[in-house]
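Okay, so here's the structure we're looking at.
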Amino acid sequence: MGRRSTVGDEGGRPPGRAGAVVRVTGPALVALAVVTAVAGAAHWSERQASADTGPAATARLGGLDAEPGTAGWTAMANHDMDGQSNYQMPSAMMPGAPEGDDMRLGIPITLTNGTGSVRRFDLAREFSLSGGKDGASRKLHADTLGELPRLNAGSAVRGVLYFDLEAPQAGDAPLLLVWKRDGDVRRMTVRMPGGTPEQHQHSS
């Protein structure tokens, strides 16, 4: 009779070694998969929460902080023919003036770079205005920051963003300053002055 070998299996490994490897590696892989899934879910939740964030008084995006001030209607020089009547000069006679029933709204804003490196920005590409009578998005008309393209570390700048729109009335959607930067979006509430500008009649 031949003797049964107890030294190992066909590969020369002790009995049960392969099973032990499977038993150890299996739980480790499962744990790694769970950790990866949790991390991915947390990242997704963070991005989703960011995307679902409602309007706020201030915002932070791409290393910059934005803080809007109280908006105000800008008085246009020679807006009325004689300063007393309700007759407004045609826009063709006032180059650069708001068109039609639009008025010019100025929104003060402070941008702060609280990081340790230079941060670039582009006001015309990043800021717009939504809400109002028709709820349409309004592009930035002008600003007082000039061609400033960046902020140094730890610095801040203050200026005014100008938008042309029809003065909102009761029941219109609230005005929101929309900031798009680095693939993210923030919406900031626009604090309006106590009243709306007088509605002017326009020549036909």
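On the basis of being modelled with pLDDT of 90 or more and under 17 Å from residue 101 (Cβ atoms), does residue 202 make the cut? Outline the logic, then answer.
Numbers: modelled with pLDDT of 90 or more: no; under 17 Å from residue 101 (Cβ atoms): yes.
When the stated conditions are applied, residue 202 does not pass them.
Within the bounds of region 110-119, is there any residue that is at pLDDT 95 or above and closer than 18 Å to residue 71 by Cα? Show your work before the answer.
Kept after step one, since they are at pLDDT 95 or above, are these residues of region 110-119: 110-119.
Still in the list and also closer than 18 Å to residue 71 by Cα: 110-111.
Yes; the residues of region 110-119 include at least one that is at pLDDT 95 or above and closer than 18 Å to residue 71 by Cα.
Can you tell me how many residues within region 132-177 are in contact with a helix residue (DSSP H, G or I) (Cβ under 9 Å, 6 or more places away or on another chain) and not basic (Lys, Arg)?
Going residue by residue through region 132-177, those that are in contact with a helix residue (DSSP H, G or I) (Cβ under 9 Å, 6 or more places away or on another chain) are 139-140, 143, 145, 148, 159, 161.
With not basic (Lys, Arg) added as a condition, the list becomes 140, 143, 145, 148, 159, 161.
Summing the residues that are in contact with a helix residue (DSSP H, G or I) (Cβ under 9 Å, 6 or more places away or on another chain) and not basic (Lys, Arg) in region 132-177 gives 6.
In region 159-174, what residues are touching a Pro at 6+ places or on another chain (Cβ under 7 Å) and open to solvent by 10 Å² or more (accessible area, probe 1.4 Å)? Give the steps one after another, and end with the answer.
Step one: filter region 159-174 for residues touching a Pro at 6+ places or on another chain (Cβ under 7 Å), giving 160, 164, 167.
160, 164 - these are the residues of region 159-174 that are touching a Pro at 6+ places or on another chain (Cβ under 7 Å) and open to solvent by 10 Å² or more (accessible area, probe 1.4 Å).
Can you pull out every residue in region 133-156 that is part of a strand (DSSP E or B) and either under 19 Å from residue 56 (Cβ atoms) or open to solvent by 30 Å² or more (accessible area, probe 1.4 Å) (or both)?
Of the residues in region 133-156, the ones part of a strand (DSSP E or B) are 138-139, 142-143, 150-151, 156.
Selection gives 138, 139, 142, 143, 150, 156.
The values are calculated or read from the model by the stated rules, or taken from the named source; none is laboratory data. Values in this document were obtained by computation on a predicted structure and should not be read as measured data. Every residue, glycine among them, receives a Cβ derived from its backbone with ideal geometry; neighbour counts consider all protein chains shown. These accessible areas exclude ligands, DNA and RNA; they are computed on the full protein's heavy atoms, side chains included. Shrake-Rupley method; radii C 1.70, N 1.55, O 1.52, S 1.80 Å.
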